[in-house]
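Colleague: Would you mind keeping the following structure in view while I ask a few things?
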Amino acid sequence: MHLEIGRPDFDTPTLVKEAATASLAAGRVHYGPNAGTPQLRTAIARTLAAASGPVYDPDGEVIVTIGASEAVFLAIMAFCGPGDEVLIPVPAWPAYEACVRLAGATPVFLPLDPAQGYSLDPEAVRARLTPRTRMLVVCTPHNPTGAVVDAGRLRALADVLRHTGVLVLSDEIYSELVYDGTRHVPVATVADLHMRTLTVGGFAKAYAMDGWRLGWLAAPRELATPALRIRQFTTACPPTFTQDAAVSALRDTAQERAQMRDAFAERRRAALDLLNGCTGLHIGNPAGAFYLYLTYPPHLGPGDRFARELLEEDHVAVVPGAAFDPTGAGAHSLRVSYARSVDDIREGVSRILRRIDRLSDGGRR
Ligand code: PMP
């Protein structure tokens, strides 16, 4: 049972595939502009600005990227180098640390507090700021905990950063996947944060287009321009026909996306119904994305062993927390993805709980 997976199990909406086919048939097979096609940049800017989102000029403030991964890479490479510190709240998606190290900069890990539902704590950011701090990574909704940063915390963050030159890399690839009335607040809509924020988004999660490798980086012109320069001399541009299809994804798939979001909400509920009330288990406040980050009592043994035995004996795959947390704090945690069928989730989570019961009863470790 694949509860380790970080992608939707849905197929890409048919209209999007048809748009790609039509684009190929029309001969859209050549290089395009470095920043991406104007049509897709415009569609991205429009999507971001809808519902009081941040406003970006498609001409100079939006770069279509090869997945959100390239957006993260470009933003970090453009602004961070030797001597710079980058604050990374952990647990975290591992690519932030890797890109920071590739850039020759120094990652500074900021432990997210389980007791605060793993939500970013602006005062903890303040405590780690130094004259060398160049960038803060924010991920909301968050991989791997599902935490969503609310407007109050973002306003407090703006206060903390007010007299600094710290940039914010805001990874919002899960922005459309929030549940139970939770609202996603785009970081760049908060007063004083827009001018220092590079917003990352993409098609991999809410659009079921992970294999299409498309995302975006949106930022004020002064921040977007250096990132675009790196793009120009690395990948040059994303494929043209997939960008044509992505315009259709943004414009024509509201219904499919709503159906997928509803399915994720149902799956999340199925998992939480089984997990809530299990004593000794902590899962924070997973209001978004499609992950639960379970922490179990340390006497049950390390998470990598738990995950390996769960895979080998119970045939359920999850990701050990250590993969997301270089500080060691994730040693007794597991990331469980609910981007699978409700049946798989019920059965997989039940097997996790049975293993916890067995280990607890046996006092084996
Ligand atoms: N950011 C986060 C938080 C992610 O979880 C992922 C994918 N796991 C990405 C970025 C990368 O997305 P893409 O496939 O668009 O490169």
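The values are calculated or read from the model by the stated rules, or taken from the named source; none is laboratory data. Since we're looking at a predicted model, the values are computed, not measured. With ideal geometry, Cβ positions are generated from the backbone for all residues, glycine too; neighbour counts draw on all protein chains shown. All accessible areas refer to the heavy atoms of the entire protein, side chains included, with ligands and DNA or RNA removed. Shrake-Rupley method; radii C 1.70, N 1.55, O 1.52, S 1.80 Å.
Colleague: Between the helical axis of 221-232 and the dominant principal axis of the chain, each derived from Cα atoms, what acute angle in degrees is found, rounded to the nearest 10?
Modeller: The two axes meet at around 90 degrees.
Colleague: Contour minus end-to-end for Arg251 and Asp361, with contour as 0.36 nm per residue of separation and end-to-end as the Cα-Cα distance?
Modeller: 34.2 nm
Colleague: Please report the base-10 log of the normalised intensity I(q)/I(0) for the chain, using a Debye sum with one equal scatterer per alpha carbon and no solvent, at each q in 0.10, 0.11, 0.13, 0.15 (1/Å).
Modeller: The computed values of log10 I(q)/I(0) come out as -0.62, -0.75, -1.03, -1.32.
Colleague: Find how much the distance from Gln116 to Ser350 grows on full extension, using 0.36 nm per residue of separation minus their present alpha carbon separation; answer in nm with one decimal. Provide the component values of the computation, followed by the final result.
Modeller: Working: separation 234, 0.36 × 234 = 84.24 nm, distance 2.64 nm.
The span from Gln116 to Ser350 would gain 81.6 nm if fully extended.
Colleague: Keeping all protein chains in place and using 1.4 angstrom, which order do Thr234, Thr253 fall into by accessible surface area, from largest down? Provide the component values of the computation, followed by the final result.
Modeller: Working: Thr234 80, Thr253 0 Å².
Correct descending sequence by accessible area is Thr234, Thr253.
Colleague: Give a residue-ordered list of calculated ³J(HN,Hα) values for the stretch 187-195 (Karplus: 6.51 cos²θ - 1.76 cosθ + 1.60, θ = phi - 60°; whole Hz; x for Gly, Pro).
Modeller: With the stated coefficients, the stretch 187-195 comes to 4, 6, 8, 7, 3, 6, 9, 3, 5 Hz.
Colleague: Something else now. So what is the accessible area of the stretch 173-241 per residue, in Å², with the probe set to 1.4 Å?
Modeller: Values: 2530 Å² over 69 residues.
I get 37 Å² per residue for the stretch 173-241.
Colleague: Let me ask something additional. Hey, if we sort Val148, Val137 by accessible area with the 1.4 Å probe, largest down, what's the order? Walk me through the numbers on the way to the answer.
Modeller: On the way: Val148 25, Val137 5 Å².
I get Val148, Val137, largest accessible area first.
Colleague: Here is a follow-up. Could you give the distance between the Cα centres of the stretch 309-337 and the stretch 1-65, to the whole Å?
Modeller: If we compute the Cα centre of each part, the gap is 32 Å.
Colleague: A further question follows. Short version: ³J(HN,Hα) in whole Hz for each residue of the stretch 79-90, in order, from phi by Karplus 6.51 cos²θ - 1.76 cosθ + 1.60 (θ = phi - 60°), x for Gly and Pro, what are they?
Modeller: Values per residue, Gly and Pro as x: 10, 10, x, x, x, 8, 10, 10, 7, 10, x, 10 Hz.
Colleague: From the backbone phi of the stretch 25-36, what are the Karplus-calculated ³J(HN,Hα) couplings (6.51 cos²θ - 1.76 cosθ + 1.60, θ = phi - 60°) in whole Hz, Gly and Pro given as x?
Modeller: Using θ = phi - 60°, the values come out as 4, 7, x, 7, 10, 10, 4, x, x, 3, 7, x Hz.
Colleague: Right, something else. Please give me, ordered by residue number, the chymotrypsin sites (Phe, Trp or Tyr not before Pro) of the stretch 175-263 that lie in loop per DSSP and have at most 16 other Cβ atoms within 10 Å.
Modeller: Working: sites: Tyr179, Phe203, Tyr207, Trp212, Trp216, Phe233, Phe241; in loops: Tyr179, Phe203, Tyr207, Phe233.
Of the chymotrypsin sites (Phe, Trp or Tyr not before Pro), the ones in loops of the stretch 175-263 whose Cβ has at most 16 other Cβ atoms within 10 Å are Phe233.
Colleague: Amide H neighbours of Asp171 under 5 Å, counting only residues 5+ apart in sequence or on other chains, H built in-plane at 1.01 Å?
Modeller: So Asp171 has HN proximity to Val138, Cys139, Thr140, Val200.
Colleague: Give me, ordered by chain and number, the residues 5 or more places off Leu177 or on other chains with an amide H under 5 Å from its own placed amide H.
Modeller: Result for Leu177 returns Ala289.
Colleague: Further question: Taking the Cα atoms only, what angle lies between the long axis of helix 254-275 and the longest principal axis of the chain, rounded to 10 degrees?
Modeller: Tilt relative to the chain: about 20 degrees.
Colleague: In degrees, nearest 10, range 0 to 90: what is the angle between the Cα axis of helix 342-362 and the longest Cα principal axis of the chain?
Modeller: 40 degrees
Colleague: Taking springs between alpha-carbon atoms closer than 10 angstrom, which of Ser333, Ser23, Ser119 fluctuates most in the Gaussian network model of the chain?
Modeller: Ser23
Colleague: Counting DSSP beta bridges with both partners in the chain, what percentage is antiparallel, nearest 5?
Modeller: Values: 17 of 36 bridges.
If we restrict to bridges inside the chain, about 45 percent are antiparallel.
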